[in-house]
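J.: The structure's right below; bear with me while I get my questions together.
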Amino acid sequence: MPLSINTAVELFQGISEAEAQKVERLYTERKYRMGDTIFSKGDPANALYIVKDGKVRILSLSDKGTETIVHILKEGAIFGELLLSEEMRFFTAVADTDAVVTVLPKGSLVELLASIPTVSGNFIRLLSKRLAKVEKEFGDFGHTWSYDRLAKILLKLCEEHGRETPKGILISLRLTHEDLANLIGTTRETVTTQMIRFRRMGFIKSQDRFLVVNKARLKEFGRS
(Lines give C-alpha, C1' and ligand atoms only; values in the text may rest on other atoms or scores of the structure.)
Protein backbone atom coordinates (compact mmCIF):
# COMPACT_ATOMS: atom_id res chain seq x y z
CA MET A 1 0.00 0.00 0.00
CA PRO A 2 1.25 3.54 -0.73
CA LEU A 3 2.22 5.64 2.25
CA SER A 4 -0.38 8.14 3.43
CA ILE A 5 2.06 10.10 5.61
CA ASN A 6 3.59 13.05 3.75
CA THR A 7 7.33 12.54 4.18
CA ALA A 8 7.91 15.99 2.62
CA VAL A 9 6.59 17.49 5.86
CA GLU A 10 9.65 18.87 7.61
CA LEU A 11 9.11 16.80 10.77
CA PHE A 12 9.33 13.58 8.74
CA GLN A 13 11.89 14.53 6.11
CA GLY A 14 14.60 11.90 5.64
CA ILE A 15 12.84 8.98 7.36
CA SER A 16 12.84 5.53 5.79
CA GLU A 17 9.76 3.77 4.44
CA ALA A 18 9.75 1.43 7.46
CA GLU A 19 9.91 4.43 9.79
CA ALA A 20 7.11 6.15 7.85
CA GLN A 21 4.96 3.05 8.30
CA LYS A 22 5.60 3.22 12.05
CA VAL A 23 4.53 6.86 12.09
CA GLU A 24 1.34 5.97 10.19
CA ARG A 25 0.32 3.54 12.93
CA LEU A 26 0.56 6.26 15.59
CA TYR A 27 -1.30 9.25 14.15
CA THR A 28 -4.91 10.07 13.29
CA GLU A 29 -6.47 12.78 11.14
CA ARG A 30 -9.25 15.21 11.98
CA LYS A 31 -11.29 17.57 9.81
CA TYR A 32 -12.35 21.04 10.93
CA ARG A 33 -14.66 23.59 9.38
CA MET A 34 -13.54 27.19 9.03
CA GLY A 35 -13.84 28.86 12.44
CA ASP A 36 -13.80 25.61 14.44
CA THR A 37 -11.61 25.57 17.55
CA ILE A 38 -8.96 22.85 17.44
CA PHE A 39 -7.85 23.49 21.01
CA SER A 40 -8.25 26.34 23.49
CA LYS A 41 -5.99 28.06 25.99
CA GLY A 42 -6.04 25.98 29.17
CA ASP A 43 -6.78 22.67 27.44
CA PRO A 44 -4.48 19.71 28.23
CA ALA A 45 -1.37 19.72 26.03
CA ASN A 46 -1.81 16.10 24.97
CA ALA A 47 -0.97 16.00 21.25
CA LEU A 48 1.16 17.50 18.49
CA TYR A 49 -0.67 18.74 15.40
CA ILE A 50 0.42 19.09 11.76
CA VAL A 51 -1.53 21.03 9.14
CA LYS A 52 -2.27 18.57 6.34
CA ASP A 53 -4.60 20.81 4.35
CA GLY A 54 -5.92 24.35 4.80
CA LYS A 55 -4.72 27.00 7.22
CA VAL A 56 -4.71 27.30 11.02
CA ARG A 57 -4.61 30.43 13.12
CA ILE A 58 -2.75 30.43 16.47
CA LEU A 59 -4.17 33.02 18.89
CA SER A 60 -3.03 34.47 22.17
CA LEU A 61 -5.98 35.53 24.32
CA SER A 62 -5.48 37.80 27.33
CA ASP A 63 -7.54 37.52 30.52
CA LYS A 64 -9.48 40.57 29.28
CA GLY A 65 -10.34 38.84 26.01
CA THR A 66 -7.86 40.75 23.85
CA GLU A 67 -6.78 38.65 20.88
CA THR A 68 -3.37 38.59 19.20
CA ILE A 69 -2.59 36.47 16.16
CA VAL A 70 0.67 34.65 16.85
CA HIS A 71 0.90 32.60 13.65
CA ILE A 72 -1.12 31.79 10.54
CA LEU A 73 0.05 28.31 9.58
CA LYS A 74 -0.16 26.58 6.21
CA GLU A 75 0.22 22.99 5.03
CA GLY A 76 3.11 21.12 6.65
CA ALA A 77 3.43 23.36 9.73
CA ILE A 78 3.41 21.86 13.22
CA PHE A 79 1.60 23.42 16.17
CA GLY A 80 0.99 22.57 19.80
CA GLU A 81 4.74 21.90 19.97
CA LEU A 82 5.11 23.05 23.59
CA LEU A 83 3.45 19.84 24.82
CA LEU A 84 6.73 18.40 26.13
CA SER A 85 7.36 21.36 28.44
CA GLU A 86 3.85 22.50 29.38
CA GLU A 87 0.88 20.57 30.73
CA MET A 88 -1.71 23.07 29.48
CA ARG A 89 -2.13 24.99 26.22
CA PHE A 90 -0.86 28.57 26.25
CA PHE A 91 -2.58 29.43 22.98
CA THR A 92 -5.81 28.79 21.07
CA ALA A 93 -5.79 27.13 17.64
CA VAL A 94 -8.62 27.85 15.19
CA ALA A 95 -9.21 26.60 11.65
CA ASP A 96 -8.67 29.66 9.44
CA THR A 97 -10.17 27.73 6.50
CA ASP A 98 -11.68 24.27 6.22
CA ALA A 99 -8.72 22.20 7.37
CA VAL A 100 -7.41 18.68 7.85
CA VAL A 101 -4.86 18.15 10.62
CA THR A 102 -2.68 15.21 11.57
CA VAL A 103 -2.83 14.46 15.30
CA LEU A 104 0.07 12.75 17.05
CA PRO A 105 -0.68 11.93 20.71
CA LYS A 106 1.94 13.00 23.25
CA GLY A 107 2.96 9.44 24.11
CA SER A 108 3.35 8.57 20.43
CA LEU A 109 5.51 11.64 19.84
CA VAL A 110 7.77 10.68 22.74
CA GLU A 111 8.05 7.17 21.28
CA LEU A 112 9.05 8.54 17.85
CA LEU A 113 11.59 10.97 19.30
CA ALA A 114 13.20 8.14 21.26
CA SER A 115 13.23 5.58 18.44
CA ILE A 116 13.80 7.59 15.24
CA PRO A 117 16.80 9.95 15.46
CA THR A 118 15.83 11.70 12.20
CA VAL A 119 12.46 12.74 13.65
CA SER A 120 14.16 13.87 16.86
CA GLY A 121 16.63 16.03 14.92
CA ASN A 122 13.87 17.49 12.74
CA PHE A 123 11.77 18.33 15.78
CA ILE A 124 14.66 20.12 17.51
CA ARG A 125 15.43 22.07 14.34
CA LEU A 126 11.76 23.12 13.94
CA LEU A 127 11.62 24.34 17.53
CA SER A 128 14.89 26.24 17.13
CA LYS A 129 13.74 27.93 13.91
CA ARG A 130 10.45 29.00 15.46
CA LEU A 131 12.17 30.34 18.58
CA ALA A 132 14.68 32.30 16.47
CA LYS A 133 11.84 33.70 14.36
CA VAL A 134 9.84 34.80 17.40
CA GLU A 135 12.86 36.44 19.03
CA LYS A 136 13.79 38.30 15.83
CA GLU A 137 10.26 39.55 15.27
CA PHE A 138 9.93 40.61 18.90
CA GLY A 139 13.20 42.53 18.66
CA ASP A 140 12.22 44.17 15.39
CA PHE A 141 8.72 45.12 16.52
CA GLY A 142 9.90 46.59 19.77
CA HIS A 143 11.84 49.34 18.00
CA THR A 144 9.66 50.27 15.04
CA TRP A 145 6.65 52.43 14.26
CA SER A 146 3.28 50.88 13.40
CA TYR A 147 3.64 51.59 9.66
CA ASP A 148 7.02 49.83 9.63
CA ARG A 149 5.58 46.84 11.50
CA LEU A 150 2.69 46.72 9.04
CA ALA A 151 5.09 46.73 6.08
CA LYS A 152 7.12 43.92 7.68
CA ILE A 153 4.08 41.75 8.37
CA LEU A 154 2.77 42.23 4.83
CA LEU A 155 6.14 41.16 3.44
CA LYS A 156 6.16 38.16 5.80
CA LEU A 157 2.68 37.16 4.62
CA CYS A 158 3.89 37.45 1.02
CA GLU A 159 6.67 34.97 1.79
CA GLU A 160 4.48 32.51 3.68
CA HIS A 161 1.14 32.72 1.89
CA GLY A 162 1.72 34.66 -1.33
CA ARG A 163 1.65 33.68 -4.97
CA GLU A 164 2.84 35.57 -8.02
CA THR A 165 0.24 37.26 -10.21
CA PRO A 166 0.64 39.81 -13.03
CA LYS A 167 -0.44 42.54 -10.60
CA GLY A 168 1.89 41.55 -7.74
CA ILE A 169 2.01 39.05 -4.86
CA LEU A 170 -1.49 37.90 -3.91
CA ILE A 171 -1.76 36.95 -0.22
CA SER A 172 -4.15 33.99 -0.14
CA LEU A 173 -5.71 34.88 3.21
CA ARG A 174 -8.88 36.82 3.89
CA LEU A 175 -7.47 39.39 6.30
CA THR A 176 -9.44 42.16 7.96
CA HIS A 177 -7.86 45.31 9.33
CA GLU A 178 -8.59 43.87 12.78
CA ASP A 179 -6.54 40.77 11.86
CA LEU A 180 -3.60 42.90 10.75
CA ALA A 181 -3.86 44.97 13.93
CA ASN A 182 -3.74 41.77 15.98
CA LEU A 183 -0.67 40.62 14.08
CA ILE A 184 1.34 43.77 14.81
CA GLY A 185 -0.02 44.78 18.22
CA THR A 186 -1.85 47.99 17.37
CA THR A 187 -5.41 49.22 16.85
CA ARG A 188 -7.70 48.60 13.90
CA GLU A 189 -7.99 52.36 13.37
CA THR A 190 -4.21 52.68 13.06
CA VAL A 191 -4.07 49.87 10.51
CA THR A 192 -6.92 51.40 8.50
CA THR A 193 -5.06 54.73 8.35
CA GLN A 194 -1.83 53.07 7.26
CA MET A 195 -3.53 50.83 4.70
CA ILE A 196 -5.10 53.89 3.07
CA ARG A 197 -1.63 55.41 2.96
CA PHE A 198 -0.12 52.23 1.46
CA ARG A 199 -2.84 52.12 -1.22
CA ARG A 200 -2.16 55.73 -2.19
CA MET A 201 1.55 54.98 -2.42
CA GLY A 202 0.87 52.00 -4.71
CA PHE A 203 2.14 49.35 -2.29
CA ILE A 204 -1.11 47.37 -2.07
CA LYS A 205 -4.42 46.89 -3.87
CA SER A 206 -7.41 44.56 -3.51
CA GLN A 207 -8.42 41.67 -5.75
CA ASP A 208 -11.49 39.55 -4.96
CA ARG A 209 -11.22 40.43 -1.24
CA PHE A 210 -7.54 39.43 -1.16
CA LEU A 211 -4.56 41.76 -0.81
CA VAL A 212 -2.13 42.15 -3.70
CA VAL A 213 1.26 43.56 -2.70
CA ASN A 214 3.88 45.33 -4.80
CA LYS A 215 6.64 43.53 -2.97
CA ALA A 216 9.56 45.41 -4.53
CA ARG A 217 8.14 48.84 -3.68
CA LEU A 218 7.15 47.79 -0.16
CA LYS A 219 10.63 46.37 0.46
CA GLU A 220 12.20 49.62 -0.72
CA PHE A 221 9.90 51.54 1.62
CA GLY A 222 11.00 49.31 4.50
CA ARG A 223 14.67 49.91 3.76
CA SER A 224 14.16 53.67 3.64
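The values are calculated or read from the model by the stated rules, or taken from the named source; none is laboratory data. Just so it is clear, the model here is predicted, and its values are computed rather than measured. Don't worry about glycine lacking a Cβ; one is built from the backbone with ideal geometry, like all the others, and counts go over all protein chains shown. These area figures cover heavy atoms from the full protein model, side chains too; ligands, DNA and RNA do not enter into them. Shrake-Rupley method; radii C 1.70, N 1.55, O 1.52, S 1.80 Å.
J.: Using a 1.4 angstrom probe on heavy atoms only, work out the carbon and sulfur share of the accessible area of the stretch 154-224 in %.
T.: Accessible surface attributable to carbon and sulfur in the stretch 154-224 totals 48 percent.
J.: Here's something else I'd like to know. Rounded, prolate or oblate: which fits the stretch 59-98 when a ≥ b ≥ c are the square roots of the eigenvalues of the alpha-carbon gyration tensor, with rounded for a/c under 1.5 and prolate only if a/b beats b/c?
T.: Since a/c reaches 1.5 but b/c is at least a/b, the shape of the stretch 59-98 is classed as oblate.
J.: Roughly speaking, to the nearest percent, how much of the stretch 14-69's 1.4 Å accessible area is carbon and sulfur?
T.: 45 percent
J.: What's the extension gain from residue 61 to residue 84 if we count 0.36 nm per residue and subtract their Cα-Cα distance?
T.: 6.1 nm
J.: Say each of residue 18 and residue 187 gets a label point 7 Å from the Cα, pointing the same way as Cα to Cβ; how far apart are those two points in nm?
T.: Here the modelled spin labels are 6.3 nm apart.
J.: Starting at the first residue of the stretch 177-188, write each ³J(HN,Hα) from the Karplus equation 6.51 cos²θ - 1.76 cosθ + 1.60 with θ = phi - 60°, in whole Hz, x for Gly and Pro.
T.: My calculation for the stretch 177-188 gives 5, 5, 4, 5, 4, 5, 6, 10, x, 9, 9, 4 Hz in order.
J.: Here is a follow-up. Can you return the aspartates and glutamates within cross-link range of residue 219? Criterion is Cα-Cα under 20 Å, with same-chain partners fewer than 8 residues away left out.
T.: Within the straight-line cut-off, residue 219 pairs with 137, 140, 148, 159, 160, 164.
J.: Reachable lysines from residue 52, Cα under 24 Å, same-chain residues fewer than 8 places away excluded?
T.: 22, 31, 41, 74, 106, 129, 133, 156
J.: As an exercise, identify the trypsin sites (Lys or Arg not before Pro) in the stretch 38-132 lying in DSSP coil whose Cβ has no more than 10 other Cβ atoms within 10 Å.
T.: 64
J.: Then there is this: Dividing the Cα convex hull volume of the chain by residue count, how many Å³ per residue is that?
T.: Considering the Cα atoms of the chain, their hull volume per residue is 144 Å³.
J.: Okay, moving on. Which residues' amide hydrogens lie under 5 Å from the amide hydrogen of residue 71, considering only partners 5 or more residues apart or on another chain, with H built in the peptide plane?
T.: Residues meeting the criterion, in which the H sits 1.01 Å from N, are 58.
J.: Additional query: Which length gain, in nm to one decimal place, applies between residue 163 and residue 196 when the Cα-Cα distance is subtracted from 0.36 nm times their residue separation?
T.: Gain on extension, residue 163 to residue 196, equals 9.6 nm.
J.: If you don't mind, there's one more thing I want to ask. Using a simple charge model, +1 on the beta-carbon of Lys and Arg, -1 on the beta-carbon of Asp and Glu, nothing else, what dipole does the chain show about its Cα centre, in debye to the nearest 20?
T.: Here the size comes out at about 960 debye.
J.: Using helices alone, I'd like the mean residue ellipticity at 222 nm for the chain: each DSSP H run of four-plus residues gives -39500 (n - 2.57), total over residue count, nearest 500.
T.: Mean residue ellipticity, 222 nm, calculated: -13000 deg cm²/dmol.
J.: Can you pull out the trypsin sites (Lys or Arg not before Pro) in the stretch 153-184 that DSSP calls coil and that have at most 12 other Cβ atoms within 10 Å?
T.: The qualifying sites are 167.
J.: If you don't mind, there's one more thing I want to ask. Provide the FRET efficiency to the nearest 0.05 for the residue 111-residue 30 pair, computing r from the beta carbons and using R0 = 22 Å.
T.: So the FRET efficiency works out to roughly 0.60.
J.: Send over a whole-number figure in Å² for the accessible area per residue of the chain, probe 1.4 Å.
T.: Ligands and nucleic acids excluded, the figure is 55 Å² per residue.
J.: Whats the longest run of the chain with zero GluC sites (Glu not before Pro) that are DSSP loop and have at most 15 other Cβ atoms within 10 Å?
T.: Within the chain, the longest run free of exposed GluC sites (Glu not before Pro) spans 88-224.
J.: Hey, what angle do you get for helix 146-161 against the long axis of the chain, alpha-carbon based, 0 to 90 degrees rounded to 10?
T.: Helix 146-161 and the main axis of the chain meet at about 40 degrees.
J.: Please work out the FRET efficiency for the pair residue 68 and residue 209, using the Cβ-Cβ distance as r and a Förster radius of 30 Å; give the result to the nearest 0.05.
T.: About 0.85, to the nearest 0.05.
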